[in-house]
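Asker: First the structure, then my questions, so here it is.
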Amino acid sequence: MITCAIRRLLCLFLFGFLPPGFSADTVDLVDAVARKTREAGMWEAEGALAVESRVSGAVAEIPFRVSLTTVSGGVARARLEVTGGTAPLVRLCDGTVQWTYLVKTRHYWKVVDAAKEPCAYPFTEWTDLAQHLESSAITGRGSLKVAAHEVKCTIAQGDFPAQGFRPVGRRTIWIDDFSHMIWMYRVETPSKNSIETYKFQWQVYAGLPRTADVWQFEPDAGATEVSAAAGKAELDTPPSSGKAEFPGELPRSLYRIGGRVTPPRLIHKVEPQYTKAAQQARVEGTVRLQGEVRPDGTVRNLKVVESLDSDLDQEAIAAVSRWRFQPGTRDGSPVAVLTTFEVNFKLR
C-alpha cells in the first residue's frame, strides 16, 4: 500500500474543463487558489502523504519535499524528494528528461519525457483547479496546525472526472483564509482501498533563487544506472530493510539540513523592535522567515514565509539579518544552509 502511495506521488495528471454547477463563492475561492499557484515563479513545500486504509483504518505517513520553478526560456523544472517510507528517492524533471534515484539501492534511471507532474504533484493539479472540479461546494470551516501555528481554513470539495492519468474521485481541500494557500489536500479514489491526504508543514510561493545545479541530475559516487523497466520494477518491490542515507540535496552551493549536513548553531541573537502602530493595535504573534546561513555565519537572502504584519515582518528581517551563527557543515566543512527562522513578537 505504501509503495503504491509513493507511486501516486510520481503519477501524471491531465487537465480538464470547467463544468457547470459551481456556486459563485466556490468559483471565487478556487480561482484565487489557481491564480496564486499559476503566478508562483518558485514554489517549494515540505510535508507528508498520509495513506489511510479503508479496511483497517491504519495510517502510514510518507514525508516528501517538492521544488518547482520556471527557468530561462520558460521551461518548468521540478524536484521531488521522498525522504521516508519503504522507498526513499529523488526524482528530477529538467524539462526534457525525468531522472529517478533510489536512495537505498543507489540505482538510477532516466525516461525522456518533458512532463513535470511526476516531480511536482499535487501542485500541478492546483494551477487550473477551477477547471477540474465538478459539483464543487464549500462544505465548512476549520483550523489546521501547521508547524506550531493554527491556520484558519475554508474547506471545499469537488469531484474529478476520469480523464487521462488523473485519478477519478473526490477532492477535499483546506484553503488558508488569509493567503489562499492549500495546506491539506485529500484524494479519494473509488477503486482504491486507501485515502491519500497531502499535508503540508511548510511552503513558500517565492522561494530563494537556486543555482542551476539543483535542476541537474548528478548521482553520488558509486551509484549504478539501470534500465527504466528494471528501475520501475524495483520501485514496485522496494527493499524491506536497510537504513536510507539521503544524498546531498539542494544544490552544491546551498544545502538543506539532514544526512551529512549539520544545522547552524545560533551564537548571537538580536531582538526585533515593535513598531508604534503594532503596539497600539496590540499585534502579537510569530513571523517565519527563510534564508541562507552562509559559511561565515552571517544571514543572507531573507524572505517572509509566514507574515504577521507588514511592518513587523520588516523588523523581523532587520533583526535576523544581524544574527550570527556557527555555520552548518557538510562532511565537516562549512557550507551555506537553507534555514527557517522564527521571530516572536509579544507585548510586555
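The values are calculated or read from the model by the stated rules, or taken from the named source; none is laboratory data. Just so you know, these numbers come straight off a predicted model, no measurement behind them. With ideal geometry, Cβ positions are generated from the backbone for all residues, glycine too; neighbour counts draw on all protein chains shown.
Asker: Could you look through region 278-314, keep only residues that are outside any strand (DSSP E or B) and under 22 Å from residue 262 (Cα atoms), and pick out the one that is farthest from the chain's Cα centre (by Cα)?
Answerer: Initially, region 278-314 is screened for residues outside any strand (DSSP E or B), giving 278-284, 294-298, 307-314.
Now drop any that are not under 22 Å from residue 262 (Cα atoms), which leaves 294-298.
Details: 294: 23, 295: 26, 296: 28, 297: 26, 298: 26 Å.
Going through the qualifying residues, I end up with 296.
Asker: How many of the residues making up region 52-94 are crowded, with 22+ Cβ neighbours inside 10 Å, among the aliphatic types (A, V, I, L, M) and part of a loop (DSSP other than H, G, I, E, B)?
Answerer: The number of residues fulfilling the criteria is 1.
Asker: Also, quick follow-up: Mind telling me which of the residues 85, 140, 57 ends up being over 25 Å from residue 191 (Cβ atoms), in the same structural domain as residue 198 (by TED's automatic domain parsing) and not β-branched (Val, Ile, Thr)? Full working, then the answer.
Answerer: Numbers: 85 fails: over 25 Å from residue 191 (Cβ atoms); 57 fails: over 25 Å from residue 191 (Cβ atoms).
Exactly one of 85, 140, 57 is over 25 Å from residue 191 (Cβ atoms), in the same structural domain as residue 198 (by TED's automatic domain parsing) and not β-branched (Val, Ile, Thr), namely 140.
Asker: For region 84-134, enumerate the residues that are charged (D, E, K, R) and modelled with pLDDT of 80 or more.
Answerer: Taking region 84-134 first, the residues charged (D, E, K, R) are 91, 94, 104, 106, 110, 113, 116-117, 125, 128, 134.
Scanning region 84-134 gives 91, 94, 104, 106, 110, 113, 116, 117, 125, 134.
Asker: Checking the condition buried (at least 17 other Cβ atoms within 10 Å of the Cβ), at positive phi and either out of contact with any His (no Cβ under 7 Å at 6 or more places or on another chain) or hydrophobic (A, V, I, L, M, F, W, C) (or both), which residue from 328, 297, 285 passes?
Answerer: Working: 328 fails: at positive phi; 285 fails: buried (at least 17 other Cβ atoms within 10 Å of the Cβ).
Going through 328, 297, 285 in turn, the sole match is 297.
Asker: From 308, 338, which residue is touching a residue at least 40 places away in the same chain (Cβ under 8 Å) and either crowded, with 20+ Cβ neighbours inside 10 Å or outside the structural domain of residue 205 (by TED's automatic domain parsing) (or both)?
Answerer: Details: 308 fails: touching a residue at least 40 places away in the same chain (Cβ under 8 Å).
None of the other options fit; the residue is 338.
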